[in-house]
Every structure is written in structure tokens, then in C-alpha cells.
Amino acid sequence: MTVTHHLRVHRSDENLAREGQLAWAIARVAADPVEVDSDVVDMIVNRIIDNAAVAAASLTRAPVSAARQQALDHPVSVGGEGSTIFGCALERRTSPEWAAWANGVAVRELDYHDTFLAAEYSHPGDNIPPILAVAQHVGCDGTALVRGIATGYEIQMDLVRAISLHKHKIDHVAHLGPSAAAGIGTLLGLDVETIYQAIGQALHTTTATRQSRKGEISTWKAFAPAFAGKMAVEAVDRAMRGETSPSPIYEGEDGVIAWMLDGPDASYDVPLPGEGEPKRAILDSYTKEHSAEYQAQAWIDLARKLHNERPELRSVPEPVEGQGPGSQIESIVLHTSHHTHYVIGSGAGDPQKYDPHASRETLDHSIPYIFAVALQDGTWHHVDSYLPERAQRPDTVELWKKITTAEDEEWTRRYHSEDPDEKAFGGRVVIRFADGSELVDEIAVADAHPLGARPFAREDYIRKFRTLAEPVLEPAEIERFLELVQRLPALSPDEVRELSIVAKLGVLALAPAPKGLF
């Protein structure tokens, strides 16, 4: 059964034993050789497909190209056979930490893969690139890879359930460094002591402020989780060589909790699997149908529904003399959770969220923009919906400026609910028209959510992969990857090394190839 680890700050003179530390408790979970349940295996396959899908769609984007070039500029390290890089030929490899970096950026660039939201928010699919890179480098089979990924998801999501980082303006990848290190430890069958040391180093090197997701959001948003994965690989390498880490990293009087989170008087209760308990957290996560921040998923679905049901809300309504296309609407208020209001809503106080010239990274964290476009278009596209000409369209800008968010206590409560049947990430929309009439509607979860109108299943993941991969992969390559990944637990080490996607001839040649220090 689940074990609750009580976590608090300890003075140095209390001499907290390592067996009482959270990092040790995580390491014990990682070292537990429990089997992975079949439904968990199936979901891991789904998420590897999902990661490959969004990586394929981002292959020629500038941040992904830069990360790929950095990886290609580093040779395979001598301790193994190297790791593949998304888009490149399977025999073109690099060292595992740089593969984790390049592939991590490709997966995160479009903000289009899986999510888990609780006390903190996360994209637990970020664990897959570093764990897979190490598996390829050292020659692990599919069974070991499955076990490692199950641990990565479990640990990150357990930390996310209990410890809020954004409350203290710390970036959410601080939970990813330890989870990826734990997952690699499981993959390699390392002992508790080694995994414990790796977790401490991974956390210590991946705590940073969340300015990367505030104001004018830069390309670093995609690099931050890849950096955490890279640091996890390096932390494991150092720990395997016998090097030690700051301790106690969470509980120390100068540690993460005391100075970066809730302070010296803080305490948390972290749920972890007990000894012999299967790691099933991945089943509580959910992927994205739309390329936008997860809290926007349900709102896009509601906007799509309203677009279809109410023709007057579409981008080209019946002409009204002297009025622009959006002028029939006086205001739109999205009543939603605290998190949505303050992170991607008007509560953030970021003028950039209303800037037609804002970066793509900023627009995908602006629910006023996203709702305006989805309401007008009745759809959402990972490229077209973010184009400058789309963001700068006069009628869109007019409507966009009329959309605000407001925190609603009930939607905040449901956002944080532990009951999966009432946990919600949507809200209530109130559209007020110029004649004084109102349209009110609401949505609790995205259509693709396990409790949504159309929950994602294997065929949906495959369809998403085909849609995003067809422009950049040959048909035979699409089929090769899908056939391989769906045999995941039975894959040999050599087959694990083929778990990547190879771009069509000429695709990468058209991508930027920036030069840097390396």
C-alpha cells in the first residue's frame, strides 16, 4: 500500500539519518524490483508514441535544431554505443546526456505532450528522453526500459501531488531532475545508496526560478526540462563513480525547502509506493489533443463547441453595418481555477499575454488569445494557430482584448481535488453581448481526458503520431516505428537502440544549423 513520507526541515544538529530523508525514500522506491502492470506498460507505449509525434512536428524549429546541432557536435562517450537523436539516421549517435538534451527539447518545444497537475504542474513525459538515451547507450532491453520509465513517472507525479514549486516561483523541472535520476537508477538496477546520491545531485542542479514561464516567454521554456534530464544523466554518472551529494538536500536547514519553498517551518506529506507496490502513477496523467498549455485544453474544446453551436461567434458573422466581426461581443469572462487565472490568464498581469507580436511560447500561455482563436476558428492547429498573421488579425485582436479570466473558488477547489471524478481543469464562460444578453456554458475536463467526451486511446495516439509525422517521415519509417514501439517489453537491446524516428531525406537540411562554441 501507499506510504506517506512526512517531510520537514531539520537543523544540522538534529543529524537526520539518510534513511529518514525523502531522497532515500525515493531511492528505495526506485530500487524496488517490482513488476510493471500490463495497463501501465500499455500507457508507457502510448506516451513513447506521443513523444515521438510531437518531436516529429518540431524537427525543423530553431530551438530543436540548435539542440540537435549541439548533440551532433559531441561524439559518443567511450562507455557505451551512444544514443540516437530524433530526426537523424539511427547510426548517427551521441553521448547519452546530449541525446537527452536534444530529444528533450524536441519533445517539449510545442508544449504538446502529456501533463499532470496537482499541487505543482508537470509534463512527466519529459522523463522518457533521458531514460531512453541511457538505455540505448548501455544496451538495456525493453523490459528494463519499461521499468525505468514507470519509476520516472511515479516519482515526478508523487512529488507533484505534494510539493508546490510555482507558489514560490521555482520552475517545475525541480521535480523532474530527481525523477529522471530515479528512473535511470531503476533502468540500470542500481543500489539505493547510488540512486540516493544521484537524486541529491539532480535536485541541487535543477532548481531555478520560473521566470522562464513568465512575461515574454523565451525559447528556454523548451530547454529547461531537457537540461533537467541532462543533469540527471550526469548526476547518475557521478554517483556511479562514488561521488556524493549535498545532504539532506530537501530537509537541510540550508536546503531546498528551507530557502526555496515553504521555509524552516514547512512540512509536506509525499505519497510513495510501499515495498512491492506497483508503480501506477502514469495512469493518472493525461495527454494533449491540442498544442497549448494543458489548462487551455478544455477551453479550446469548449470554444470549438460554441463555434459549432453559435454561428454568431464565428470569425465571419453576418455583416452588421458599422461593426467589426467581433464587435457584437461586449466581454468574455472565463471563471476558472486560481492556477489557470494566474499562470495563463489575465491574473498573471503580463501585458505580453495580449500582445499580437508576442512569441509563440508566450501565446501558448495566454488563455485569452487561445480562446479567441479557437472560438473564431472552431479548431486549433499546432502551427497555423500561432502564426504572426493569425495573431495579428484585426478582428482577433479586437475579440482577444475583450477576454479576461477570474478566479472561482469552486473551480479552484475542483482543480486541487484528490477525487479523480471531480478534479477539473476547466471553468465557466460568460459571454456578454452588446444587447445585454449573455451566453453561459462550462466544461470540467478536456475531451481527450480520461473522463472527457472522447478519452484518448491507443488509436488516438497513433493518429496523432501519423498526423504530425507524415510531413517529415517517410511512410515506411512511420510504420517501422509504430511496429517496433508496440512490442516494447519484448525488445532486445539492439531494438531499443532503434526507438527513434528518422526524417525524410532533406528535411533536416532545411532546418537551421547554428554554429556555437562546440
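Every number here is computed from the coordinates shown, using simple stated rules; none is lab data. Note that the structure is a prediction, hence the values are computed from the model and not measured. Using ideal geometry, Cβ is built from the backbone for each residue, glycine included, and neighbour counts are taken over all protein chains shown.
Here's the picture: charge each Lys and Arg Cβ at +1 and each Asp and Glu Cβ at -1 in the chain, and of 508, 232, 107 the one pushed furthest to the positive end of that dipole is 508.
Give a quick list of trypsin sites (Lys or Arg not before Pro) in the range 174-241 that DSSP marks as loop, anything other than H, G, I, E or B, with at most 14 other Cβ atoms within 10 Å. The qualifying sites are 241. Work through the residues other than residue 231 whose Cβ is under 11 Å from its Cβ and net out their charges, Lys, Arg +1 and Asp, Glu -1. Charge balance near residue 231 sits at -1. Let me have the relative contact order for the range 3-279, percent, based on Cα pairs under 8 Å that are six or more residues apart. In percent, rounded to a whole number, it is 28.
A simple count of charges around residue 481, restricted to other residues whose Cβ falls under 11 Å of its Cβ and scoring Lys, Arg +1 and Asp, Glu -1, yields -3. Straight-line cross-link reach from residue 230 at under 14 Å between alpha-carbon atoms covers these aspartates and glutamates, not counting any fewer than eight positions away in the same chain: 97, 126.
Counting neighbouring beta carbons within 10 Å and listing from fewest to most, the residues 491, 387, 132 come out as 387, 491, 132.
Here the Debye sum runs over all C-alpha atoms of the range 50-194 as equal scatterers in vacuum, and log10 of I(q)/I(0) at q = 0.13, 0.18 Å⁻¹ comes out as -0.57, -1.05.
Quick one: compute the contact order of the chain, relative version, from alpha carbon pairs under 8 angstrom and 6+ residues apart, as a percent.
22
The three principal axes of the C-alpha atoms in the range 259-400 carry coordinate ranges of 69, 33, 26 Å, sorted with the longest axis first.
Shown here for the range 426-491: trypsin sites (Lys or Arg not before Pro) in loop regions (DSSP other than H, G, I, E, B) with at most 13 other Cβ atoms within 10 Å, namely 487. Only one residue of 82, 333, 242 has its Cα farthest out toward the positive end of the dipole of the chain, where Lys and Arg carry +1 and Asp and Glu -1 on Cβ, and that residue is 82. Taking a cut-off of 13 Å between Cα atoms, list the aspartates and glutamates near residue 167, but don't count ones fewer than 8 places away on the same chain. The reachable aspartates and glutamates, counting only those whose Cα sits under 13 Å from residue 167, are 120, 262. The value of relative contact order for the range 148-265, using C-alpha pairs under 8 Å at least six residues apart, is 29 percent.
Could you give the dipole magnitude of the range 294-443 about its Cα centre, charging the beta-carbon of Lys and Arg +1 and that of Asp and Glu -1, in debye to the nearest 20?
Details: 15 positive and 27 negative charges, 63 e Å.
Magnitude of the dipole: close to 300 debye.
If you plug the beta carbon distance of residue 310 and residue 17 into 1/(1 + (r/R0)^6) with R0 = 51 Å, you get a FRET efficiency near 0.20. Applying 1/(1 + (r/R0)^6) with r as the Cβ-Cβ distance of residue 211 and residue 259 and R0 = 22 angstrom yields a FRET efficiency of 0.80. Look at 1, 240, 231 and count the other Cβ atoms within 10 Å of each Cβ; fewest to most, that gives 1, 240, 231.
Of the residues 139, 45, 287, the one whose Cα sits farthest toward the positive end of the charge dipole of the chain, with +1 on the Cβ of Lys and Arg and -1 on the Cβ of Asp and Glu, is 139.
Please give the contour-minus-distance gain from residue 457 to residue 419: 0.36 nm per residue of separation, less the Cα-Cα distance, rounded to one decimal in nm. List each step's numbers first, then the result.
Numbers: separation 38, 0.36 × 38 = 13.68 nm, distance 2.21 nm.
So the extension gain works out to 11.5 nm.
Each residue in 404, 2, 209, 336 was given a count of other beta-carbon atoms within 10 angstrom of its own, and listing them fewest first yields 2, 209, 404, 336.
Fully extending the segment from residue 169 to residue 191, taken as 0.36 nm per residue of separation minus the present Cα-Cα distance, adds 4.6 nm.
When +1 charges are put on Lys and Arg Cβ atoms and -1 charges on Asp and Glu Cβ atoms, the dipole computed for the range 3-279 relative to its Cα centre reaches about 940 debye.
Rounded to the nearest 20 debye, the dipole magnitude of the chain is 1200 debye, with +1 charges on Lys and Arg beta carbons, -1 on Asp and Glu beta carbons, and the Cα centre as origin.
In the structure shown, the pairs 214/402; 305/401; 305/504; 288/423; 169/515 are assessed against 27 Å; a Cα-Cα span above that value is assigned to 305/504; 169/515.
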